[in-house]
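Novice: Here you go, one structure.
Any read-out appearing in this document is the output of simple, stated calculations on the displayed coordinates, not a laboratory observation. As the structure is a computational prediction, the values presented were derived from the model and not from experiment. Please note: Cβ atoms are built from the backbone with ideal geometry, for glycine as well, and neighbour counts cover all protein chains shown.
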Amino acid sequence: MSGATPASLRVAVVGGGPAGSFFALYALKYAALAGRDLAITLYEGKDFRQFGQAGCNMCAGIIPASVLSQFGGLGLTVPPELILSRISTYSLHTSAGSLDATQPDPRAEIVSVYRGAGPRYGHPPGLVSFDELLLEQAVARGARLRRGFVQAVRRGPMVEVESGGESERYDLVVLASGVNGHSLCLGGFAYRPPPAGAMCQTELYLGQDEVQRRLGGSVHIFLPPDCIATYGILIPKGPFVTVSLLRARSQMRSLRQFLALEEVRAVLGAQARPACGCLPSISVGLATSIADEGFVAVGDASATRLYKNGIGSALATAQRAAWTAVYRGCTRDDFETHYLPLCRGIDRDNRIGRLLFLEVPALKRFGVMPRAHYRLATSAQHHQGASELHARILWGMFTGAYSYRDLLRMATSPALLSRLALAFGSSLLRPKECLPSGRC
Ligand SMILES: Cc1cc2nc3c(=O)[nH]c(=O)nc-3n(C[C@H](O)[C@H](O)[C@H](O)COP(=O)(O)OP(=O)(O)OC[C@H]3O[C@@H](n4cnc5c(N)ncnc54)[C@H](O)[C@@H]3O)c2cc1C
């Protein structure tokens, strides 16, 4: 029944995080434009108005302004209290010194937000929850909210959704349950969630002035020993600093060891007090059988960009899936033709991203690597083009500003490669020569 779009459509969205709410907001907008009758039910088990993990989707909360700018197209306004810090610099701390990348373009602004109502302890009043803001807006525009987790989704002539002992039937079920959700039985569907990696995250309270003095608008990235984590990040967020560790070896112990590192203490000081903590998973691949008859997965449950701008991917996948459902239809063919190419494109780009991230272990293991990068970065005055490109790549690796394909193209530009080769040569031939950072 490809292309058959009946006048009325009943849709269940499992999960009211960004992907679920964006799906509802876009589907309601498109249905109004197309003059179609659409009934959407959002199932969400968490209450984003609660403090701590109970009300939070466990994320570092960095959002590019390009994502917030799309709120306008949905008729949403961004309340100023939502934005806790504006990020202007990313600093990568290496054994040779710190490599700084400043925002290359005013339109590439990055902000930090809380996904839930705020950390468990020491939360100031008046914080706005990003997830609650979206969910409230979806409900204000006509989505029905059912509080509670979904236990099962079953295939049949219509798709059946079971929650809190009650079942309802729908034309389409949209799986927007992320990778940290409650386990759910998917009867009759071949869907498998994407592979996920382990993260460790905590919120530290320093107070607004101290965060401003110590971090300002900078995100700090560290490359700790592998026995602690692959990398660790400090993000300023109003009076708090969010600490995220990727692939922490032993979770809370790794966090203690990370916070005890000299270079981390030099940024944070000794006054930081833990205010919250969680051990979430992060999606690192493509889910299997994302689309089926009357079924589609969006957001983390389908495909997301590797280690960056997951909320931007939630928006992009939700928008395309909603467009397909309203304008094309809800069969497997409809989603395969109009939606899956987007997910496959994200996955292809992530493969390039994985290649680029191979540099992280090399930066840790071979001292010549950070020395060469440091030389190149600090040669700005003499070789501005190459060092600007270098800073742009660093900015792009940790934000959603560019695709990994674009980053690879920038990283392999002849101008940059020749400068890097020279920097490598100098670092190999004169390894003992002190770098401007004062380190050898
Ligand atoms: C440590 C960490 C840091 C991150 N930092 C960033 C960052 O700085 N910036 C960024 O853009 N992205 C970041 N991400 C990625 C980002 O969190 C995700 O890409 C984004 O949350 C995906 O949105 P989603 O709606 O698909 O899933 P989620 O945000 O996980 O939302 C899923 C929702 O579904 C609900 N749910 C699950 N199962 C059920 C069920 N059975 N019934 C009913 N409801 C259910 C959950 O309660 C949840 O509200 C980070 C991820 C991690 C783990």
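Novice: Considering only I87, A372, A272, whose Cα is most displaced toward the positive end of the charge dipole of the chain, charges sitting on Cβ of Lys, Arg (+1) and Asp, Glu (-1)?
Specialist: About the Cα centre, the residue reaching furthest to the positive side is A372.
Novice: Also, quick follow-up: Quick one: dipole size for the range 75-173, taken about the Cα centre, charges +1 on Lys/Arg Cβ and -1 on Asp/Glu Cβ, in debye to the nearest 20.
Specialist: 180 debye
Novice: Kindly rank 159-165, 358-364 from highest to lowest mean number of other beta carbons found within 10 Å of each residue.
Specialist: 159-165, 358-364
Novice: I want to check the label-to-label distance for M410 and R107. Put each point 7 Å from Cα in the C-beta direction and report it in nm to one decimal.
Specialist: Placing both labels 7 Å along Cα→Cβ, they lie 1.5 nm apart.
Novice: For the chain, compute the number of Lys pairs whose alpha carbons are separated by less than 26 Å, excluding pairs fewer than 8 positions apart on the same chain.
Specialist: Final tally of qualifying lysine pairs is 6.
Novice: With +1 on the Cβ of every Lys and Arg and -1 on the Cβ of every Asp and Glu, and nothing else charged, how large is the dipole of the range 86-241 about its Cα centre, in debye rounded to the nearest 20?
Specialist: Computed about the Cα centre, the dipole is about 220 debye.
Novice: Beta carbons within 10 angstrom, averaged per residue: use that to sort the peptides 122-128, 280-286, highest first.
Specialist: Put in order of decreasing packing, that is 280-286, 122-128.
Novice: So if I take the centroid of the Cα atoms in the range 208-235 and the same for the range 286-304, what is the distance between those two points in Å?
Specialist: Result: 33 Å between the Cα centres.
Novice: Something else now. Mean separation of Cα pairs under 8 Å and 6+ residues apart, divided by the residue count of the range 359-429: what relative contact order is that in percent?
Specialist: The normalised contact order for the range 359-429 reaches 38 percent.
Novice: Gap in Å between the Cα centre of the range 5-66 and the Cα centre of the range 134-195?
Specialist: Cα centroid of the range 134-195 versus Cα centroid of the range 5-66: 11 Å apart.
Novice: Taking the highest mean first, how do the peptides 316-329, 260-273 order by number of other beta carbon atoms within 10 angstrom per residue?
Specialist: The peptides rank, most packed first, as 316-329, 260-273.
Novice: State, as an integer percentage, the relative contact order of the range 182-247 based on alpha-carbon contacts under 8 Å between residues 6 or more apart.
Specialist: Relative contact order for the range 182-247 comes out at 37 percent.
Novice: Quick one: compute the contact order of the chain, relative version, from alpha carbon pairs under 8 angstrom and 6+ residues apart, as a percent.
Specialist: 19 percent
Novice: What's the angle, to the nearest 10 degrees (0 to 90), between helix 368-378's Cα axis and the longest principal axis of the chain?
Specialist: That helix lies at roughly 90 degrees to the long axis.
Novice: 222 nm [θ] for the chain, helices only, -39500 (n - 2.57) per DSSP H run of 4+, per residue, to 500?
Specialist: It comes out at -10500 deg cm²/dmol, rounded to the nearest 500.
Novice: Over 36 Å, how big is the tail of the calculated P(r) for the chain, in percent of all Cα pairs?
Specialist: In whole percent, the share of Cα-Cα pairs in the chain beyond 36 Å is 30.
Novice: What's the magnitude of the charge dipole for the range 196-282 around its Cα centre, counting Lys and Arg as +1 and Asp and Glu as -1 at the beta-carbon? Answer in Debye, nearest 20.
Specialist: Dipole of the range 196-282, to the nearest 20 debye: 160 debye.
Novice: Answer with one residue from S8, P64, L145: the one whose Cα lies farthest towards the positive end of the charge dipole of the range 1-154, charges on Cβ with Lys, Arg +1 and Asp, Glu -1.
Specialist: S8
Novice: Follow-up. Between A32 and A198, how many nm apart are label points set 7 Å from Cα along the C-beta direction?
Specialist: 4.6 nm
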